[in-house]
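**Student:** Here it is, the structure, as structure tokens.
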Amino acid sequence: MGTMAEGPHLAVVGAGPAGLAAALAAAARGVRVSLIDSAAEAGGQFYRQSAAALGARRPQVLHHQWRTWERLRDGLAAHVAGGRVAHLTDHHVWFVEGQSDGFTVHALLGPEQEQPVAVRADAVLLATGGYEKVLPFPGWTLPGVVTAGGAQAMLKGGLVLPGRVAVVAGTGPLLMPVAAGLAAAGAEVAALVEAADPKVLVRHARVLAAHPAKLAEGARYAAELARRRVKVHVRHTVVAAHGSERVEAVTVAALDGDGRVLPGTERRIACDTLAVGHGMLPHTDLAEALGCRLDGTGVAVDDEQRTDVPGVWAAGETTGIGGAVLSLAEGRIAGLSIAARLNSRTPDPRSYETAAKARSGLREFFAILDTVYAPPAHWTEQVTDDTVVCRCEEVPASAIREAAGELGAGDVGTVKLLTRAGMGWCQGRMCGPAVAGLARCEFQPSRRPFARPVPLGVLAGTDFDRHHTDSTDPTEIGPS
């Protein structure tokens, strides 16, 4: 890898669909790009790749939109070879520092995340994706209970099944591809348990009809599940997981129209794996630390994917959950906007007209899915007092209910102070929505100074606002 070309410098945080699309668009227009990602390979969760040492003979069977991935992969390789992009793998970004003359992206290098690295840039694109929302229930901490995305990551990245007999449960469009993928890889999928009623989608036929590819995709997954005789239970939920050393069975039950469990409908399903998820939330830590405004749970952006902080763009699921195709469209728009702005030009909307049209339609499409695939309204009624909600700090539901009821806590922050819920390693990312639900208060992402835990020695040795490493040559990017 040779010296990078001269010109304005963009730091892209995240090498999923949005980050890749933006990096390629900007690099093709004379911007030198540092593509910074925590994974060993580009692709993000959607295009997660297995290690070459595993020798996957047909990796394409584990992926959707493989040809799109090949174009992104080959485009990245060409730009790296041409010195227009530096692809920094295993770099875990913990802070982005805004300065009068640009930005410094602070990262920790390698699996141990102890070696500090700083990357200097004129502009930053945040393409940090999203993370799964999982709501607690009795038994959810048993070994063998994984997130739906976690099961998919094990299959794509490790070429392993989480178990032999699986139940896939929760709500959201992710459940079908996870169930189909596990079944195709050799697992017995005992049931797919969906809390929502997909028939409600018929009310939105006009919007859905504008996206025939999405409808066809869903139909293919449904046909695959039917072919493999996977039982699908709609308007059902997992009441509890059972087992001693690991999960051995789950109890599921039907839901009434208000989202409450219907007494007498409980049934027990034997399994050794439960893959569960209740939708996704945007990663906004870096954006919030920079002072970017949020719109709901995602980063607020304009038509060019610009945040309200000058020099900072955001694209993909950090702005709102919407899948790979929407992320690609937003990433391309952001890359074109950044290239124009860094070269002191006003972007020509015609250059991203197709991407903007796709973005508009897909945002409307996924807004409908968010409404239809919402968690059951009364899910908290199934959470027993002894159910652990915050796994990091081992805080049970009873402590959260006491804080909100007897002690008068009216927000997640106060509950945290009273119970330590959210003070652990994940900093409330996993338990935050559950704590808010049990405390009957609004869930809002909490603003943190850093996006991930940082060794004290690294923090003490970082000279903020003065120390940074220019990345004219990728080999110059080194420890701070």
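The values are calculated or read from the model by the stated rules, or taken from the named source; none is laboratory data. In this text, all values refer to a predicted model and were calculated from it rather than measured experimentally. Backbone-built Cβ (ideal geometry, glycine too); neighbour counts: all protein chains shown.
This table checks each residue for (1) aromatic (Phe, Trp, Tyr); (2) at pLDDT 95 or above; (3) within 17 Å of the chain's Cα centre (by Cα).
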position: PRO8; (1), (2), (3): no, no, no
position: ALA11; (1), (2), (3): no, yes, no
position: ALA15; (1), (2), (3): no, yes, yes
position: ARG32; (1), (2), (3): no, yes, no
position: ASP37; (1), (2), (3): no, yes, yes
position: ALA42; (1), (2), (3): no, no, yes
position: ALA51; (1), (2), (3): no, no, no
position: ARG58; (1), (2), (3): no, no, no
position: ALA86; (1), (2), (3): no, yes, no
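**Student:** Under the condition of being under 24 Å from LEU281 (Cα atoms) and outside any helix (DSSP H, G or I), which residue from the stretch 188-199 is modelled with the lowest pLDDT?
**Tutor:** Across the stretch 188-199, the extreme among qualifying residues is ASP197.
Okay, residues lined up against (1) assigned to a helix (DSSP H, G or I); (2) under 27 Å from ARG260 (Cβ atoms); (3) at pLDDT 95 or above:
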| residue | (1), (2), (3) |
| --- | --- |
| THR141 | no, yes, yes |
| GLY150 | yes, no, no |
| VAL160 | no, no, no |
| PRO177 | yes, no, no |
| GLY186 | no, no, no |
| LEU201 | yes, yes, no |
| VAL207 | yes, no, no |
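**Student:** Here's something else I'd like to know. When both residues are 6+ apart or on different chains and their Cβ atoms are under 9 Å apart, which pairs have a first residue that lies in the stretch 258-272 and is closer than 15 Å to PRO376 by Cβ, and a second that is part of a loop (DSSP other than H, G, I, E, B) and hydrophobic (A, V, I, L, M, F, W, C)?
**Tutor:** Qualifying pairs under 9 Å: ASP258/ALA377; GLY259/ALA195; GLY259/ALA374; GLY259/ALA377; ARG260/ALA377.
**Student:** When the residues of the stretch 350-374 are filtered to those that are within 30 Å of GLY257 (Cβ to Cβ) and among the hydroxyl-bearing types (Ser, Thr, Tyr), which remaining residue is surrounded by the fewest Cβ atoms within 10 Å (Cβ to Cβ)?
**Tutor:** THR371
**Student:** Given the conditions (1) touching a residue at least 12 places away in the same chain (Cβ under 8 Å); (2) more than 22 Å from ALA27 (Cα to Cα), and given that PHE103 satisfies all but one, which numbered condition is not satisfied?
**Tutor:** Of (1) touching a residue at least 12 places away in the same chain (Cβ under 8 Å); (2) more than 22 Å from ALA27 (Cα to Cα), only one is false for PHE103: (2).
**Student:** Among (1) buried (at least 17 other Cβ atoms within 10 Å of the Cβ); (2) in a helix (DSSP H, G or I), where does LEU215 come up short?
**Tutor:** Only one criterion is unmet by LEU215, namely (1).
**Student:** Give the stretch 273-295 a look and list any residue that's under 20 Å from GLY172 (Cα atoms) and free of Cβ contacts under 8 Å to residues at least 40 places away in the same chain, or say none.
**Tutor:** none
**Student:** Just one of (1) modelled with pLDDT of 95 or more; (2) buried (at least 17 other Cβ atoms within 10 Å of the Cβ); (3) among the aliphatic types (A, V, I, L, M) trips up ALA81, so point out which.
**Tutor:** Against the list (1) modelled with pLDDT of 95 or more; (2) buried (at least 17 other Cβ atoms within 10 Å of the Cβ); (3) among the aliphatic types (A, V, I, L, M), ALA81 comes up short only on (2).
**Student:** Let me ask another. Let me confirm something: among GLU194, GLU224, which residue is within 25 Å of ARG268 (Cα to Cα), under 26 Å from the mean Cα position of the chain (by Cα) and either surrounded by fewer than 18 Cβ atoms within 10 Å (Cβ to Cβ) or basic (Lys, Arg) (or both)?
**Tutor:** Values: GLU194 fails: either surrounded by fewer than 18 Cβ atoms within 10 Å (Cβ to Cβ) or basic (Lys, Arg) (or both).
Unique residue meeting the criteria: GLU224.
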